[in-house]
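Data block below; observations after.
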Amino acid sequence: MANTCVIGLQWGDEGKGKIIDILAKDFDIIVRYQGGGNAGHTLLIGDEKFIFHLIPSGILHKNKKCVIGNGIVLDPNLFLNEIEGLAEKNINVDGNLFISDRAHVVFPYHKKLDLLQEKQKGNSMIGTTGRGIGPCYTDKISREGIRVAELLHKEQFKEKLKKNVEEKNRIFVNLYNDEPVSWEDIYEEYCAYAEKMAPFVCDTVDLMARAINDNSKILFEGAQGALLDVDFGTYPFTTSSNAAAGGVSSGIGVSPKQVHNIIGITKAYTTRVGSGPFPTEIEGEQGEHIRKKGGEFGSTTGRPRRCGWFDAVAIQHSVRISGVDSLIVTKLDVLDDQETIKICTGYKNNGTLYNTFPADINILNNCELIYEEVSGWCEDTSGIRSEKNLPEKAVDYIKTLEEIVGVKVKMVSVGPERSQIISL
Ligand code: GDP
Ligand code: IMO
Ligand code: MG
């Protein structure tokens, strides 16, 4: 099996967690390389549900290494809680979970700033997850951040934390007229985390280089989705990292030459949580129906997800920027009772036809949509496990998506559970 990267092609929550869990059995190492606690990857194994924010979704498989790369912004409290949750279910991560010493650490002042910035934006708020992602990446890029390696050196950490907190407090008090935070409290809290995290920390550049040398099979797990990529997504309504496949190399420290296969995950329709342009959004009862049937509520924040039709213009953009080799379509079952299903194939704005994804979000917010309509199959697909048993019209829908997007669909998911998957 070639080293494979799995990314979301929409605005996140495409079902990456479920797919990574299924694919992981054929790989030796599963790597998260960007994002942080904003991600929520859900796995359903029988009746047991797991939601991972930081830990790679391959962790339920024995004898696999799971790696949290340097591109991650890591909230130690969230990380340790996740490990505890696994321990309660008798899943031991010792010896198979690794954190990069170059990953950046999320602090309470990042979360506080995230919330204050959002409040300040009022109607134009991004609708972030409130997990401190933007402010932590801001510190990284402005070279103010604190990395895992520094957290483990108490004295060095103390000095840098003091300085960072002083600076953030000036912002909290003077700009936002809000309460300052105490560096002493944070120091104490984070020294305790550091002690618990230390056994997991290593030089993951070396770990990955050795793995590549040993011909280990690597699965790269994307978080968020290409339309939330800070460069190629619906900026500024994006996250703060490169969620398209381009994030792999800088996020874990392996050459782009080591990524041999790129799989794009898309829902059979589209969702988005938070604000920002969403051309194919379905308002009213029909949107509400899909939200209910698809259980479309955020895995991280519980917020209702906005629902819409499959947007082939957006997906083609995601496919292009990442060089996607094949598609996996999830949540086909959610469309089981739709009589007519729409696929958006173009946008029109001010007399101009767009079949490429515009950078200008004003166009995305004010476009007329060109739809192709196909008839639904009106049959329960959730119990189907092989292609030959799929309703003809469901196969037609998949084929139409393949033709429009120009990439083959390799698997279709028909329910949240691990076994609800069909290989094509
Ligand atoms: P991720 O962030 O991409 O891993 O996706 P999330 O876990 O946030 O959201 C996907 C949701 O859909 C989760 O609740 C999954 O259990 C669920 N899910 C995944 N695949 C399917 C599917 O094929 N059908 C249905 N009905 N639910 C699915
Ligand atoms: P997974 O990996 C869906 C969205 C937020 C918000 C924007 C910025 O589960 O697919 P941030 O907290 O990153 O600064 O928020 O990005 N967002 C996600 N939406 N799934 C995710 O992750 C997301 N991670 C961030 O809702 O609109
Ligand atoms: Mg999610």
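Values computed for the structure shown
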item: Candidates G40, G17, G35 - the one that is within 15 Å of ligand 3 (Cβ to nearest atom), assigned by the TED database to the domain that holds G233 and at positive phi; result: G35
item: Considering residues of segment 162-180 that are open to solvent by 100 Å² or more (accessible area, probe 1.4 Å) and not basic (K, R) only, the residue farthest from G145 (Cα to Cα); result: N177
item: Hey, L54 closer than 20 Å to T239 by Cα, without any contact (Cβ under 8 Å) to a residue 40 or more places away in the chain, within 14 Å of ligand 2 (Cβ to nearest atom) and in the same structural domain as M208 (by the TED database) or not; result: yes
item: Qualifying residue in segment 250-269 (condition: in contact with a Pro (Cβ under 6 Å, 6 or more places away or on another chain) and under 23 Å from L74 (Cβ atoms)); result: no
item: Selected residue (criterion: nearest to P236 (Cα to Cα)) from residues of segment 350-368 that are open to solvent by less than 90 Å² (accessible area, probe 1.4 Å) and touching a residue at least 40 places away in the same chain (Cβ under 8 Å); result: I361
item: Scope segment 45-56; condition closer than 17 Å to G298 by Cα and either open to solvent by less than 30 Å² (accessible area, probe 1.4 Å) or modelled with pLDDT under 95 (or both); matching residues; result: F50, F52, H53, L54
item: Selected residue [surrounded by fewer than 22 Cβ atoms within 10 Å (Cβ to Cβ) and under 21 Å from G415 (Cβ atoms)] from S275, S299; result: S299
item: Y235 vs. criteria closer than 24 Å to G346 by Cα, at pLDDT 95 or above and open to solvent by 30 Å² or more (accessible area, probe 1.4 Å); result: yes
item: Strands (runs of 3 or more DSSP E) completely within segment 1-85 that count 2 or more residues being away from ligand 1 (no atom under 16 Å from the Cβ); result: 65-68, 72-74
item: Among (1) more than 23 Å from L401 (Cα to Cα); (2) surrounded by fewer than 24 Cβ atoms within 10 Å (Cβ to Cβ); (3) at pLDDT 95 or above - the single one I262 does not satisfy; result: (1)
item: Qualifying residue in segment 416-424 (condition: of a type in the set (G, A, S), open to solvent by less than 20 Å² (accessible area, probe 1.4 Å) and not in a loop (DSSP other than H, G, I, E, B)); result: no
item: Out of K65, K25, sole residue that is touching a Phe, Trp or Tyr at 6+ places or on another chain (Cβ under 7 Å) and more than 15 Å from ligand 2 (Cβ to nearest atom); result: K65
item: Looking only at segment 295-318, and only at residues there that are more than 18 Å from the chain's Cα centre (by Cα) and not acidic (D, E), the one that is nearest to ligand 3 (Cβ to nearest atom); result: G308
item: Residue ID - nearest to ligand 3 (Cβ to nearest atom), chosen from residues in segment 118-132 that are not in a loop (DSSP other than H, G, I, E, B) and not polar (S, T, N, Q); result: E118
item: When residues of segment 86-117 are limited to those that are out of contact with any helix residue (DSSP H, G or I) (no Cβ under 9 Å at 6 or more places or on another chain) and open to solvent by less than 30 Å² (accessible area, probe 1.4 Å), the one farthest from G222 (Cα to Cα); result: L86
item: Sole residue being outside the structural domain of T234 (by the TED database) and either surrounded by fewer than 20 Cβ atoms within 10 Å (Cβ to Cβ) or under 23 Å from the mean Cα position of the chain (by Cα) (or both), chosen from Y347, Y371; result: Y371
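Residue by residue, here is whether (1) out of contact with any Asp or Glu (no Cβ under 7 Å at 6 or more places or on another chain); (2) among the acidic types (D, E); (3) assigned to a helix (DSSP H, G or I) holds:
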residue: P180; (1), (2), (3): yes, no, no
residue: E184; (1), (2), (3): yes, yes, yes
residue: A194; (1), (2), (3): yes, no, yes
residue: D206; (1), (2), (3): yes, yes, yes
residue: S216; (1), (2), (3): no, no, no
residue: F232; (1), (2), (3): yes, no, no
residue: Y235; (1), (2), (3): yes, no, no
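The values are calculated or read from the model by the stated rules, or taken from the named source; none is laboratory data. Bear in mind that the values here come from a model prediction, so they are computed numbers and not experimental data. Here Cβ is always computed from backbone atoms with ideal geometry, including for glycine, and neighbour counts include all displayed protein chains. These accessible areas exclude ligands, DNA and RNA; they are computed on the full protein's heavy atoms, side chains included. Shrake-Rupley method; radii C 1.70, N 1.55, O 1.52, S 1.80 Å.
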